[in-house]
Each structure stands twice: as structure tokens, then as C-alpha cells.
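In what follows, a structure is listed as C-alpha cells, so that the remarks can point back to it.
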Amino acid sequence: MGNDGSFRESISLHSDRDVSRARVLVAQWASQQGFSVVERTRAMTAVSEISRNCVIHGGGGTMYVSTLYNNGSPGFRIQIVDQGPGIENLELSMGRGYSTRGGLGLGLDGARKLCRAFRVESNAGAGTTVTLDYWR
Amino acid sequence: MQSNIPILKLGDYLLVTIQMDVHDRAALQLQDDLTAEISKRGSKGVLIDISTLEVVDTFMGRVLSDTAAMAKVLDAETVVVGMRPAVAITLVELGLSLPGVVTALNLERGMELLTQRLGRKVNG
Ligand SMILES: Nc1ncnc2c1ncn2[C@@H]1O[C@H](COP(=O)(O)OP(=O)(O)OP(=O)(O)O)[C@@H](O)[C@H]1O
Ligand SMILES: [Mg+2]
């Protein structure tokens with residue numbers, strides 16, 4: 001717990017079991033903060049997509065969850081960070097149906113729709129950070 | 001390797017219940033185990049219960065579609081039962097369709113649906 005009452009947790013992402021753990025951690029945050037079941041499900045699903053991307057495309061990394069306030073509404077911020085190859089064609093990758101691995105190419109686009117605010121920072125060779133914000 | 005997800009016999013049908021926090025490899029293994037079981041027993045119907053599942057993402061969506069497709073090739077019908085309302089909402093928002101996947105509200109309705117579909121097949 002920080003001085004300002006903020007709180008931060010992290011989990012390492014290197015396997016499909018870690019992806020499963022990431023979903024559970026986010027479910028706990030959403031429940032503790034009194035989010036609805038639908039909103040909790042959205043957060044778990046988005047995290048499932050982005051953390052799997054981190055493991056499969058990014059070579060593994062870390063998920064951070066921290067408290068967040070948006071105009072007085074409580075919530076949490078999820079950051080999923082890797083030091084992998086980066087997303088080569090960000091604009092294409094963010095759209096529906098683009099995949100470099102024969103996937104459905106729905107993960108990034110879907111996750112963006114399942115959160116309040118979404119940001120991807122990625123540069124070829126310099127890793128990827130995806131930020132998802134939730135508030136009530 | 002076993003998926004540790006038991007495949008039960010329910011009359012002439014097979015019933016699998018996917019656990020709450022299934023990880024990707026276990027889901028894939030289940031797909032293999034189920035197709036092996038269908039071919040071994042000559043089952044005509046499969047029920048996949050997802051009522052404890054809190055997340056159906058692109059990966060699980062694909063596992064469900066693929067499983068239904070593989071069962072079909074083995075001449076078995078699949079019905080996915082018990083999808084939570086929050087999961088249904090999220091699926092639509094995610095833009096994920098489950099091609100070839102037939103769903104029913106609960107196990108009872110799923111069995112009715114299978115019996116109907118199989119009956120129709122037998123009677124021409
Ligand atoms: N962390 C990452 N590091 C490097 N590339 C990434 C990362 N995340 C996504 N990408 C790239 O963006 C593309 C699109 O990602 P998206 O999740 O939308 O689809 P996908 O993972 O290929 O398929 P799926 O629909 O199964 O998720 C990926 O194919 C990959 O090339
Ligand atoms: Mg993906």
C-alpha cells in the first residue's frame with residue numbers, strides 16, 4: 001500500500017497457466033472494487049487476450065495491476081509489458097482479422113472494446129506495453 | 001497426457017464439464033480426448049457444459065468451434081450448454097462468433113435438442 005492509499009500487484013507471464021492466473025487476479029480486483037459481473041467478465045476476457053499475446057508474440061513479460069481514480073470513480077489499471085519484438089504493424093494489428101500467426105486476429109481489437117480506456121505502445125525491437133483502464 | 005477433465009457418459013451421449021480456470025493446453029487436450037472418446041464409443045451426441053466458465057475468449061471460442069467440427073466429422077452432434085449471461089454479452093462485444101457451435105440454455109434443454117436433431121437424422 002502506497003502513502004496515498006494506492007496499491008499495486010504484479011504477476012509474471014510466461015505460460016498458459018500464467019494467463020489463467022492473470023485472469024484470476026483481475027477477477028479478484030474487480031470483485032473487491034465492487035464491479036458488476038459483466039464488467040468483471042469483460043476485464044478477465046481482455047486480460048486473457050492481452051496476456052496470451054504477451055506470452056505467445058512477446059516472449060513473456062509481466063502484468064501490473066494498480067488502483068486508479070477517474071473523476072472520483074474507483075477502478076484499476078492493468079499494464080501488460082514485454083521486451084519482445086514489438087508489434088511490427090500496429091495499425092493493421094489493432095484492426096480485426098490481422099494475425100501474423102494464423103490466429104483470428106481478434107485479440108487486440110476485442111480487448112480494446114472490452115475496457116474503458118486502451119493504449120498500446122510498441123516499437124519494432126523495443127517490446128510492447130498494453131494499458132487497460134477500468135473504472136466504475 | 002490426460003486433460004484431467006472427466007468425460008462422462010450420459011445415456012447415449014457424452015458429457016464434459018469445462019472447469020472454471022482451464023488453461024489453454026488443458027482445453028486443447030480435452031479436444032483430443034473427446035474426439036478419441038467419440039470414436040471409441042461411437043457416440044452420436046456430445047454436451048459441453050460451460051456453466052462454470054467465466055471467460056470465453058478467442059482461444060476458447062476456437063476450441064469450442066473446432067471440437068464441434070471434429071465431432072461432426074465423426075458423425076456426432078455437439079451442443080454447448082450453460083453459457084453465463086455475462087459471457088454471452090462479452091462474446092458479442094468482442095465480435096467473436098462461434099461458427100458451427102449449437103448452444104442451449106442448460107443441460108436439460110441441451111439433451112432435448114440433441115434428441116430432436118438426432119431423431120430428425122434417423123427419420124430422414
Ligand atoms: N505483445 C506482442 N508482441 C509482438 N507482437 C504482438 C503482440 N501482441 C500482438 N502482436 C501482433 O499483433 C497481431 C494481432 O494480435 P491479435 O491478438 O489481434 O491476434 P492474434 O493473437 O494473432 O490472434 P487471436 O485472435 O487468436 O488473438 C499478432 O498476430 C501479432 O503479430
Ligand atoms: Mg491474440
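Odds and ends about this structure:
- The modelled label-to-label distance for the pair A:Ser66/B:Ile5, using points 7 Å beyond Cα in the direction of Cβ, is 3.7 nm.
- When its C-alpha radius of gyration is set against 2.2 N^0.38 Å (N residues), chain A gives a value of 1.01.
- If R0 equals 30 Å, the separation of the Cβ atoms of B:Ser39 and A:Val38 corresponds to a calculated FRET efficiency of about 0.15.
- Working from label points 7 Å from Cα in the Cα-to-Cβ sense, the A:Ser10 to B:Met20 distance is 2.8 nm.
- Environment charge of A:Gly107, counting only residues whose C-beta is closer than 9 Å and scoring Lys/Arg +1, Asp/Glu -1: -2
- Peptide A:96-109 shows a mean partner chain C-beta count of 2 within 10 Å per residue C-beta.
- For the range B:93-124, a drop of 20 Å² or more in accessible area on going from the chain alone to the assembled protein chains (1.4 Å probe) is found at B:Glu93, B:Leu94, B:Gly95, B:Leu96.
- Mean separation of Cα pairs under 8 Å and 6 or more residues apart, divided by the residue count, gives the range A:8-135 a relative contact order of 25 percent.
- Summing +1 for each Lys or Arg and -1 for each Asp or Glu among the other residues whose beta-carbon sits under 13 angstrom from that of A:Arg23 gives -2.
- Number of partner chain Cβ atoms within 10 Å, mean per residue of A:34-44: 4
- Charge tally in the Cβ shell below 13 Å around A:Glu9, where Lys, Arg are +1 and Asp, Glu are -1, A:Glu9 excluded: +3
- Rough spin-label spacing in nm, given labels placed 7 Å along Cα→Cβ, for B:Ser97 and A:Leu92: 2.5 nm
- Two-decimal Rg/Rh across the protein assembly as shown, once Rg and the Kirkwood Rh are taken from alpha-carbon atoms: 1.02
- DSSP-defined beta bridges in the range B:7-124 - what % are antiparallel, rounded to 5: 25 percent
- Cα gyration tensor category, rounded, prolate or oblate, for chain B with a/c compared to 1.5: oblate
- DSSP-assigned coil residues among GluC sites (Glu not before Pro) in the range A:1-96, each with at most 14 further Cβ atoms within 10 Å: A:Glu88
- Extension gain for B:Asp12-B:Gln116 works out to 36.1 nm (0.36 nm per residue, less the C-alpha to C-alpha distance).
- Ordering of B:48-60, B:25-37 by packing [mean C-beta count within 10 Å, highest first]: B:48-60, B:25-37
- Protection-proxy order for peptides B:83-90, B:61-68, each taking the mean of Cβ atoms within 10 Å per residue, highest first: B:61-68, B:83-90
- Look at where the Cα atoms of the range A:36-78 and of the range B:1-56 average out, and the two centres are 29 Å apart.
- Considering only alpha-carbon pairs that sit under 8 angstrom and 6 or more positions apart, the relative contact order computed for chain B is 23 percent.
- Taking every DSSP bridge with both residues inside the protein assembly as shown, close to 70 percent are antiparallel.
- With a 10 Å cut-off around each Cβ of A:19-27, the average count of Cβ atoms from other chains is 3.
- For the range B:59-124, the gyration tensor built on C-alpha atoms gives an oblate shape. Its axis ratio a/c (a ≥ b ≥ c) is at least 1.5, and a/b is not larger than b/c.
The values are calculated or read from the model by the stated rules, or taken from the named source; none is laboratory data. If you're wondering where the values come from, they're calculated on a predicted model, not measured in any experiment. Cβ: placed from backbone, ideal geometry, glycine included. Neighbour counts: every protein chain shown. Surface areas here come from the heavy atoms of the whole protein model, side chains and all, with no ligands, DNA or RNA. Shrake-Rupley method; radii C 1.70, N 1.55, O 1.52, S 1.80 Å.
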